[in-house]
Amino acid sequence: MNDFKHYTVMKNEAVDALNCENGKVYVDCTLGGGGHSELILQRISPDGRLISFDIDQDAIDAASERLKDYKNLTIVKSSYTNIKSVFKELGIEKITGGILFDLGASYHQLTKQERGFSFSKEAPLDMRFNMDSDFSAYDVVNDYSEEELVRVFSEYGEERFSKRIAKAIVNARRQNPIRTTTELADIIVHSTPKIKSTIHPATRVFQAIRIEVNEELQNVKNTLNDVLDLLEVGAIISVISFHSLEDRVVKQAFKYHSTRCHCDKTQMICHCPPPILELVNKKPIVASEQEVNENPPSRSAKLRVAKCIRARV
C-alpha cells in the first residue's frame, strides 16, 4: 500500500527493553506499519516466534508486504484484548520472551482523511480503529445525553469547558444531526472562550471521543491484567503510551503488581502473595531529542517496562 504512512516511535528503546532472544515467544500488540515487529523478528530469528495483532486492515496489508519474508511471524486480525482466546486457538501457552504495547492511534489513522480523527480535515465523524465495528464518533456526538457527553469530555479529554461544549452540541443536533469533523470542530470553537493556547480548542474533545469509541483505557487496563496470566517468569512487558491518561493506567497497573503488600495499615500480619512484576524503570523513558526533531508527536511518548518475577497462579 503506497499511501500507508507510519512512523515507529521509540523503536529501538521499546524493542531493546524486551531483551529479545532467539527461540522465545514474543507479542506485538499493535502491528501498525510493522516497525517494531520487524526489529523483533530480526533479533529472534530463526527460531523465535512473533504474534502481531491489529484490527486495521490497512495496517495489516502494509505490514504483511513489509514482513513477507519472515516465516516465524503470525499476524492476527483481532484486537489485542482477545489475546487469551487467540493464544488458545494458536496452541500457545505462554509469552516466554516479552510483549510490546504501542498504545493509541497510528499516524496513518490520524492523518487519513476519511477516518475522521482530525478536526483539520472535513470527513464523516468516524474515529473507529476497527472499521468492522458498528459504533462510531457519530453515535457518541448525536446519541449521548448531555450528561454523558460532559462525562466523556471531562474524563477522557480533561476538557475544562466540557459543560459548555456538551450543551452546544445538544442544541446544534436538535436542528440537524452533526455529521462531519469540521461541523463538530466549529461548534466547539464557537462554544468556548478565546484563550491563548498552543493547541486547537477541539483537540481534547476529539481525543475524548476517540477514546470512548474505541474503549481505549478500559482495553489497556483489562489486557494488562489478562497478560499476567500468560507471562512466563523472566518475560518483559514494554508499553509506549502517548497521553497522561494511558500512562496513568500503565503506571498504576505496574505499581500495584510490583508492590509487596496491599494490606490495610491496621492489619498486623501480611498475607499478600509476592509481587508478580518488577519495575525495570521507575521513571518513564522518553524519546530522544533527535527523534522528537524527526517526528514531533513522539515528544509525548512515554515508555514503561516491567519484568515478570512470579507466575500468577
* Asked: Out of Ile187, Ile211, Ile165, Ile178, which single residue is more than 30 Å from Ile55 (Cα to Cα), in contact (Cβ under 8 Å) with a residue 24 or more places away in the chain and either crowded, with 18+ Cβ neighbours inside 10 Å or in contact with a His (Cβ under 8 Å, 6 or more places away or on another chain) (or both)?
  -> Ile165
* Asked: If you go through the range 240-275, how many residues are closer than 22 Å to Glu159 by Cα and hydrophobic (A, V, I, L, M, F, W, C)?
  -> 4
* What helices (runs of 4 or more DSSP H), lying completely within the range 188-260, carry at least 3 residues that are small (Gly, Ala, Ser) and on the phi < 0 side of the Ramachandran plot? -> 244-258
* Looking only at the range 262-271, decide whether some residue is surrounded by 11 or more Cβ atoms within 10 Å (Cβ to Cβ) and touching a strand residue (DSSP E or B) at 6+ places or on another chain (Cβ under 8 Å). => no
* Being in a loop (DSSP other than H, G, I, E, B), touching a residue at least 40 places away in the same chain (Cβ under 8 Å) and open to solvent by 20 Å² or more (accessible area, probe 1.4 Å) is the filter here, so list the residues in the range 134-160 that pass it. => Phe135, Glu158
* Being charged (D, E, K, R), modelled with pLDDT under 95, farther than 24 Å from Arg312 by Cβ and surrounded by fewer than 18 Cβ atoms within 10 Å (Cβ to Cβ), is that true of even one residue in the range 50-59? -> no
* **Members of the range 279-291 that are of a type in the set (D, E, K, R), open to solvent by less than 90 Å² (accessible area, probe 1.4 Å) and not in a helix (DSSP H, G or I)** => none
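The values are calculated or read from the model by the stated rules, or taken from the named source; none is laboratory data. As the structure is a prediction and not an experimental result, all values here were calculated from the model. Glycine gets a Cβ as well: all are built from the backbone with ideal geometry, and neighbour counts include every protein chain shown. Heavy atoms of the whole protein, side chains included, go into the accessibility calculation; ligands, DNA and RNA do not. Shrake-Rupley method; radii C 1.70, N 1.55, O 1.52, S 1.80 Å.
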